[in-house]
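Trainee: A single structure is presented below for examination.
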Amino acid sequence: MRKTNYFHLLMIIPATVVLLLTLFYPIVNTIIISFFDKKLFYPSFSTFVGLSNYKEILSNEEFWSAFKITIYFTIVSVFLEFVIGLFTAILLNQNFKLRGFLRTLVILPWAIPTVVNGVLWQWIFDSNYGSLNGLLYQLGLIHNYVNWLGKPFMALNMVIIADVWKNCWFFTIVLLGALQTIPKNYYDAAKVDGAGFWNRLFNVTLPLLRPAIVVSLVLRTSEAFKVFDIIYIMTKGGPANGTQVLSYYVYHTSFEAMQLGKGAALSTIIAIIILLIALVYIKSLMREEVEINA
């Protein structure tokens, strides 16, 4: 038995080493760098400053502006993605013709690389030759072409639209799989009791989907909170820092301002916030399970 246990340990050593090198080492190294005044041009010269980087960041108005923008982006995009994904999953769970084709079709936007998605929507929102302006102008809904990415708040919402179009299908895929595990007799019993669509949704579907909902919300919230690539492609944090989320602020601090120490401190703060968000989701799920079992 001991030899078998040792053999099992030996088998997981390669994966453990790879995990330590690719995950834990960068995390630990980033935390260490956050306590130093380190510049990109002179990485070998650094001065230990303790918590000064954190204090300076937390007292910086630009950080809190980026934080508010990130919170708005995360809440709005994840909410819209969840709602669209939920109702699309419910629709695709019904029996109708071409259901299999449509189930395959919804995977395509989600499978598109984020960079490609960003370029696509940048062209759509282009103020001179974008297809959105062309469509609205032809329909007579606008009389002049609109610069969709020219105003801070409008640009932020346009980026949210691009993000929702790509990622709402993640919720569709996850929730559709969970819907197929719900026995149909639950819905039949609810219909016999006179429950309508909304009653069945809130009293049967959502309670039984709770584990899948929590898992998908944790994954998408953490991804949305550290969004970078679509911001970089579409707006580069502009105009007037109106779309500068925390991850782009980290990029600006680390590679444009060349302050690696502050950038590492920012990355650590973001990681802590994401961890807290995940813990809140998981704790709420565990509380619900305890109440149900009680």
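None of the figures in this text is laboratory data; all of them are computed from the coordinates on show. Quantities reported herein were computed from a predicted structural model and do not represent experimental measurements. Because the Cβ atoms are built from the backbone with ideal geometry, glycine has one as well, and the counts that use them run over all protein chains shown.
Trainee: Name the helices (complete DSSP H segments) of the chain with a Cα length along the long axis of 24 Å or more and a Kyte-Doolittle mean of at least 0.5, or state none.
Mentor: Long hydrophobic helices here: 2-19, 61-92, 152-179, 206-225, 260-293.
Trainee: Need one number: nm distance between label points at Leu98 and Ile161, each 7 Å from Cα along Cα→Cβ, rounded to one decimal.
Mentor: 2.5 nm
Trainee: Would you mind putting 173-180, 27-34 in packing order, based on average other-beta-carbon counts within 10 Å, highest first?
Mentor: Final packing ranking: 173-180, 27-34.
Trainee: Quick one: which of 192-203, 74-85 comes out on top by average Cβ neighbours within 10 Å, and what's the full order, highest first?
Mentor: 74-85, 192-203
Trainee: Next question. Set the bar at 27 Å for Cα to Cα. Now go through Lys39/Lys226; Lys55/Lys283; Lys38/Lys166; Lys151/Lys226; Lys151/Lys262; Lys68/Lys166 and name every pair that lies beyond it.
Mentor: Lys55/Lys283; Lys38/Lys166; Lys151/Lys262
Trainee: While we're here: Given Cβ point charges of +1 (Lys, Arg) and -1 (Asp, Glu) and nothing else, what value in debye, to the nearest 20, does the dipole of the range 38-293 about its Cα centre take?
Mentor: In debye, rounded to 20, the range 38-293 gives about 260.
Trainee: Would you report the distance distribution of C-alpha pairs in the range 38-293 as whole percents per 5 angstrom bin, up to the bin with the largest distance?
Mentor: Result, from short to long distances: 1, 6, 10, 13, 14, 14, 12, 10, 8, 6, 3, 2, 1, 0, 0 percent.
Trainee: Ok, one more. Please name whichever of Asn147, Gly177, Val119 sits farthest to the positive end of the charge dipole of the range 38-293, dipole taken about the Cα centre and charges placed at Cβ: Lys and Arg +1, Asp and Glu -1.
Mentor: Selected residue: Gly177.
Trainee: While we're on this one: How much net charge surrounds Asn95 when only the other residues with a Cβ under 13 Å from the Cβ of Asn95 are counted, with Lys and Arg +1 and Asp and Glu -1?
Mentor: +4
Trainee: Return the distance in nm (one decimal) between the two label points of a simple spin-label model at Leu91 and Phe48, each offset 7 Å from Cα along Cα→Cβ.
Mentor: Here the modelled spin labels are 6.0 nm apart.
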